[in-house]
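Nothing in this text is a laboratory measurement; each read-out follows from the coordinates by a stated rule. As the structure is a computational prediction, the values presented were derived from the model and not from experiment. When we count neighbours, we look across all protein chains shown, and the Cβ atoms used for this are built from the backbone with ideal geometry, even at glycine.
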Amino acid sequence: MEVVLSVPFSYNISDEVRRLLEDFRDMVNFCIDYAFKNQITSYAKLRKDIYGKWKNRWDYSTHYCHSACKIALAILKNWRRRMKKGGVRCEKPVARKLFMQLDPQLYKFYGDRIRISVKPRQFLFIDLKFGEYQRRFIEAWMRGELKTGEITINESKIVVPFKKYVDLSNPSDWIAIDVNESNVTGVSTNPHLLRIDTNMREIKSVYFEKRRRIQRLSKHRPLTAMRLLKKYSKRERNRVKDLCHKVSKRIVEFVVKYNFGIIMENLKGIRKSIHYNRILNRRLHSWNFRMLQFYIEYKAKFNGLPVEYVNPKHTSSLCPICGGKLAPNGHRLLRCDACGYKADRDIIAAVNLLRRNPRCGESPLPPKALNESLIEVRGKG
Ligand SMILES: [Zn+2]
């Protein structure tokens, strides 16, 4: 299968690039206007209808017309969807941000710089800034292991998607990963333990407090409160994203080292389920589980390792040995009434997940004490 990993590079914008971005935004709005007026939703029809008119106004390479049509239709589609939900007040969408998408025919990637075709036989060169993370992709690309896809350019970044064909191998061992509010715990079939402590809860509670204070302010100064709320939401989102990246990176480094397949909880639809208890719901809201799972999944797949999801129901309340009911027994510990098995509750949850995957079967129980692979990953507080 083909897997894609998008890697951002920063760059210094020049006047030429800015002009190109502004012109591209005009092209997108031109396409939006036309498609909106003539109620066109098909890409082929829009491109065919608009090409002549576009050519009269701009003398850029033809591919810019294709790309502008595609983005215009995506913006319109998104706008109609929001319209249906009743969240839109403007009568027609407008592209405001400066960005463009270029397919491989419009640019050439050289590793440390990019050449963009502007007009026939006229090019722009952009030097890319990169660190250790980007360098690894450039080197793999130089060795011919990766191909680049459609790039996105905005005022400060160029996002390059690297594509790779991987054969999702059948790993000999699997690791189940349980995410909870203070850590990430993995138990593998060989057996092996991985525990990553995070400060996600700390980050969440800091912003929870901030929001509460702002809400008190909103009675007297509603506009300031709104502005602050927006600012802190954005900052919180960035912190969470950063932490998810760091945690997923450590997990994937670990699974690559041991060649593990990954098993995680299938969380789809869980928030909607009324049968699920309040505590679990709170747990789900307190961590961006789906974001973390998504990062783990694509990074693992990029390394050729399979990822599977299993139903998480009762994984933290039933005994992995006899299926009996578990009761709390000391700090973060659970004990089975029927057979006496006692272990850390996060380890139990991961063992149960592991055993739900038919391929793992009766995998051996991990050591009860956490003595291996304890890692702490902290996001900015
Ligand atoms: Zn038991």
Practice problem: Restricting to the chain, compute how many DSSP beta bridges are antiparallel as a %, nearest 5. | Solution: 75 percent
Self-check item: Magnitude of the charge dipole, the stretch 179-256, Cβ model with Lys/Arg +1 and Asp/Glu -1, debye to 20
Solution: 860 debye
Quiz item: Any idea which of Ser117, Gly324, Trp54 is furthest toward the positive side of the dipole for the chain, if Lys and Arg beta-carbons carry +1 and Asp and Glu beta-carbons -1?
Solution: Trp54
Quiz item: Over the C-alpha atoms of the chain, what are the Rg and the largest Cα-to-Cα span, Dmax, in Å?
Solution: 25.2, 80
Quiz item: Going by alpha carbons, how many degrees (0 to 90, nearest 10) lie between the helix axis of 289-302 and the longest principal axis of the chain?
Solution: 80 degrees
Quiz item: So, counting K/R as plus one and D/E as minus one, what does the shell of residues with Cβ under 9 Å around Tyr60 add up to?
Solution: -1
Quiz item: Taking Cα atoms, how many degrees apart are the long axis of helix 132-142 and the longest axis of the chain, rounded to 10 and kept between 0 and 90?
Solution: 70 degrees
Quiz item: Charges only on Cβ, +1 for Lys and Arg, -1 for Asp and Glu: so what's the dipole of the stretch 1-72 about the Cα centre, in debye to the nearest 20?
Solution: 360 debye
Exercise. Please label the shape of the stretch 1-87 as rounded, prolate or oblate, based on the square roots a ≥ b ≥ c of the eigenvalues of the alpha-carbon gyration tensor (a/c under 1.5 means rounded; beyond that, a/b larger than b/c means prolate, else oblate).
Key: oblate
Quiz item: For the pair Ser218 and Lys325, what calculated FRET efficiency results from E = 1/(1 + (r/R0)^6), where r is the Cβ-Cβ distance and R0 = 45 Å, to the nearest 0.05?
Solution: 0.45
Exercise. Can you tell me the 0 to 90 degree angle between the C-alpha axis of helix 200-217 and the longest principal axis of the chain, rounded to 10?
Key: 60 degrees
Quiz item: In whole Å, what is the distance between the alpha-carbon centres of the stretch 1-46 and the stretch 110-174?
Solution: 19 Å
Practice problem: Give the shape of the stretch 112-157 as rounded, prolate or oblate, defined through the alpha-carbon gyration tensor: a ≥ b ≥ c are the square roots of its eigenvalues, a/c under 1.5 means rounded, and otherwise the shape is prolate if a/b is larger than b/c and oblate if not. | Solution: prolate
Quiz item: Rounded if a/c is under 1.5, else prolate if a/b is larger than b/c, else oblate: which is the stretch 2-165, with a ≥ b ≥ c the root eigenvalues of its Cα gyration tensor?
Solution: prolate
Exercise. About the Cα centre of the chain, how large is the charge dipole given +1 on each Lys and Arg Cβ and -1 on each Asp and Glu Cβ? Please answer in debye to the nearest 20.
Key: 2160 debye
Quiz prompt | Anchor Lys84: lysines whose Cα lies under 20 Å away (excluding residues fewer than 8 positions away in-chain) | solution = Lys37, Lys92
Quiz item: With point charges of +1 on the Cβ of Lys and Arg and -1 on the Cβ of Asp and Glu, referenced to the Cα centre of the stretch 72-219, which listed residue (Gln215, Ile177, Gly131) lies farthest in the positive direction of the dipole?
Solution: Gln215
